[in-house]
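Only the coordinates and a few stated rules stand behind these numbers; no lab work does. Every value quoted in this text rests on a predicted model; they were computed, and no experiment measured them. Cβ atoms come from the backbone with ideal geometry, glycine included; neighbour counts cover every protein chain shown.
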Amino acid sequence: MLKKVLYGAIATALVAAVAVPVQFTPATAAGMTCKAAAKEKYKGNMKARHAFLKGCKAHAKAQKA
C-alpha cells in the first residue's frame, strides 16, 4: 500500500514539474543576450521576436543609465 502511494506521489510530482511553463523576461534572462532570449521565447515568430528584442534592448539601456 505504501509503495503505491509513494509511486503515485512521485508520478504526480514528475507530471507537475513538466507541466510548469517556462517564461523568459528581460529580468530572468540576465545571463543571456537580448537576441538569445528572443530566439528562445519566440522560435518561429519573427515579428514577435523583433518586438521582444526592441523592448529588451530598451530595458537594458534604461538599466545602464
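Numbers for the structure displayed
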quantity	calculated
Contour excess over end-to-end distance, with Cα ends at A58 and A11 and 0.36 nm allotted per residue	12.6 nm
FRET E, pair K39, A65, Förster distance 22 Å, beta-carbon r, rounded to 0.05	0.25
Pairwise label distance in nanometres, L2 with K47, each label 7 Å out on the Cα-Cβ vector	6.0 nm
